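Undergrad: Here it is, the structure, as structure tokens.
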Amino acid sequence: MSFETHDARERTKEIQAEYAEKGDALGWFDALYKEAAGDNERIPWADLEPNKFLRRWAEKTDLQGNNRKALVVGCGLGDDAKFLHDLNFKVTAFDISETAIEWAKKLHAATSIDFHHADLFVPPRVWLGAFEFVLEVYTIQPLPLEMRSQVIDAVSNFVAPQGELVVVTRGREDDEIPKEMPWALSKKDLSRFETNGFEQNSLMEMLGDEEPPIKRFVVEYLKQ
Ligand SMILES: C[S@@+](CC[C@H](N)C(=O)[O-])C[C@H]1O[C@@H](n2cnc3c(N)ncnc32)[C@H](O)[C@@H]1O
């Protein structure tokens with residue numbers, strides 16, 4: 001039986017709130033993937049397709065992997081990792097949810113993507129400064145605002161000198177207070193990447209087809 005998108009979003013918020021009450025900002029992801037029991041319709045962001053905003057940006061910029069080493073942060077079921085793999089990147093992808101990683105490995109068994117169960121905040125040391133291309137899609141926005149700088153710093157740490165970083169996120173105005181999870185990023189939030197030694201190469205603003213439409217930013221940075 002198909003699970004309505006609205007129900008999936010409501011249940012996701014419930015699980016997130018249960019964990020938040022216990023002071024746990026991270027445990028709910030695996031709980032949600034587990035409860036979904038293989039039904040991706042129970043995961044609001046998992047549509048078994050590459051992110052459409054990422055795809056638009058990649059088409060516009062004619063993104064090519066050229067065998068570069070890429071890392072996908074918080075990869076979920078791995079569809080963006082597969083997108084990069086098909087563009088000829090050598091892809092490593094990780095998520096804090098072991099259930100998501102096992103699921104992704106099955107979905108993409110025919111690829112050479114190197115999937116790992118890992119926490120952004122305690123990554124394998126060999127990943128630090130090791131990737132020529134790093135992709136982050138919707139991983140910053142579900143983590144509490146109090147952690148924002150810490151999350152941005154952790155993502156920044158994976159990029160090699162002269163490497164590229166692409167962030168796909170919900171966007172908000174600097175003076176807008178986000179009411180509920182996912183907590184969209186403002187340009188002021190994003191400026192922390194510049195503090196971390198990145199130069200912003202481009203920022204695309206797009207609207208989703210939700211009603212009312214939700215703003216997205218696709219931001220490309222180059223590490224100095
Ligand atoms: C909103 S989902 C987006 C998933 C995927 N990027 C996508 O767009 O389909 C956020 C993902 O980040 C993962 N995540 C959250 N905190 C993490 C952490 N500390 N380390 C690694 N992954 C994390 C979650 O398990 C979840 O899969």
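Readers should treat all values here as calculations from the given coordinates under stated rules, not as data from a laboratory. Remember, it's a predicted structure, so these values are computed and weren't measured experimentally. Here the Cβ positions follow ideal geometry from the backbone for every residue, glycine too, while neighbour counts run over all protein chains shown.
Undergrad: If you take the beta carbon distance between D7 and S149 as r and set R0 to 30 Å, what does 1/(1 + (r/R0)^6) give as a FRET efficiency, to the nearest 0.05? Write out the running numbers ahead of the final one.
TA: On the way: r = 34 Å, r/R0 = 1.12.
FRET efficiency, D7 to S149: 0.35.
Undergrad: Just to check I understand the Karplus step: with θ = phi - 60° and J = 6.51 cos²θ - 1.76 cosθ + 1.60, what whole-Hz values come out for region 212-221, glycine and proline as x?
TA: With coefficients 6.51, -1.76 and 1.60, one gets x, x, 10, 7, 10, 10, 10, 10, 10, 10 Hz.
Undergrad: Here is a follow-up. In nm, to one decimal, how far is the E102 label point from the E199 one, both placed 7 Å along Cα→Cβ?
TA: 4.6
Undergrad: Which order do peptides 39-46, 114-121 fall in by mean Cβ count within 10 Å, highest first?
TA: Ranking the peptides 39-46, 114-121 by packing returns 39-46, 114-121.
Undergrad: Something else about it: Show that you can apply the helix-only estimate: for the chain, add -39,500 (n - 2.57) for every DSSP H stretch of four or more residues, divide by all residues, and state [θ] at 222 nm to the nearest 500. Walk me through the intermediate numbers first.
TA: Numbers: 7 runs with 73 residues, N = 224.
Estimated from H runs of four or more residues: -9500 deg cm²/dmol.
Undergrad: Can I ask one more? Using the Kirkwood radius built from alpha carbon pairs, what does the Stokes-Einstein equation give as D for the chain at 25 °C and 0.890 mPa s, in µm² per second?
TA: So the translational diffusion coefficient is about 138 µm²/s.
Undergrad: If you restrict to DSSP beta bridges whose two residues both lie in the chain, what percentage is antiparallel, to the nearest 5? If you can, show how the numbers build up before the last one.
TA: Working: 16 of 36 bridges.
Approximately 45 percent, going by the DSSP bridge assignments.
Undergrad: From the square roots a ≥ b ≥ c of the eigenvalues of the alpha-carbon gyration tensor of region 65-145, which class results: rounded (a/c under 1.5), prolate (a/b over b/c), or oblate? If you can, show how the numbers build up before the last one.
TA: On the way: a/c = 1.56, a/b = 1.18, b/c = 1.32.
Here region 65-145 falls in the oblate category.
Undergrad: I would also like to ask the following. With all pairs of different alpha carbon atoms counted, what Kirkwood hydrodynamic radius in Å does region 148-218 show?
TA: Details: mean 1/r = 0.0758 Å⁻¹.
Averaging 1/r across every pair of different Cα atoms and inverting gives 13.2 Å.
Undergrad: Pull up all non-local amide H partners of S186: gap of 5 or more, or a different chain, and H-to-H distance under 5 Å with H placed in the peptide plane.
TA: Those lying under 5 Å, H to H, from S186 are R172.
Undergrad: Once you have the Cα-Cα distance between L222 and D47, take 0.36 nm times their residue separation minus that, and quote the gain in nm to one decimal. Please report the intermediate quantities before stating the final value.
TA: On the way: separation 175, 0.36 × 175 = 63.00 nm, distance 2.92 nm.
Residue separation times 0.36 nm, minus the Cα-Cα distance, leaves 60.1 nm.
Undergrad: Next up: Can you work out ³J(HN,Hα) from phi for every residue in region 126-136, in order, using Karplus 6.51 cos²θ - 1.76 cosθ + 1.60 and θ = phi - 60°, giving whole Hz and x for Gly and Pro?
TA: So the J values, rounded to whole Hz, are 5, 7, 6, x, 9, 10, 6, 9, 10, 10, 10.
Undergrad: Taking H as built 1.01 Å from N, whose amide H comes closer than 5 Å to the amide H of F158, not counting residues under 5 places away?
TA: When sequence neighbours closer than 5 places are left aside, the close amide H contacts are G129.
Undergrad: Less than 29 Å apart at the alpha-carbon level, and either on another chain or at least 8 residues along: which lysines does that give for K106?
TA: Counting by Cα, and skipping residues close in sequence, K106 has these lysines nearby: K13, K34, K52, K69, K82, K90.
Undergrad: State the extension gain, in nm to one decimal, for the chain segment bounded by D209 and K34, taking 0.36 nm per residue of separation less the distance between their alpha-carbons. Don't skip to the answer; put the middle values down first.
TA: Details: separation 175, 0.36 × 175 = 63.00 nm, distance 2.86 nm.
So the extension gain works out to 60.1 nm.
Undergrad: Starting from the Cα-Cα distance between A17 and H116, subtract it from 0.36 nm times their residue separation and give me the gain in nm to one decimal.
TA: Details: separation 99, 0.36 × 99 = 35.64 nm, distance 2.65 nm.
The A17-H116 span can extend by a further 33.0 nm.
Undergrad: So, one more: Apply the Karplus parameterisation 6.51 cos²θ - 1.76 cosθ + 1.60, with θ equal to phi minus 60°, to every residue of region 50-55 and state each ³J(HN,Hα) to the nearest whole Hz, in sequence, with x for glycine and proline.
TA: Per-residue couplings from phi come out as x, 4, 6, 6, 4, 4 Hz.
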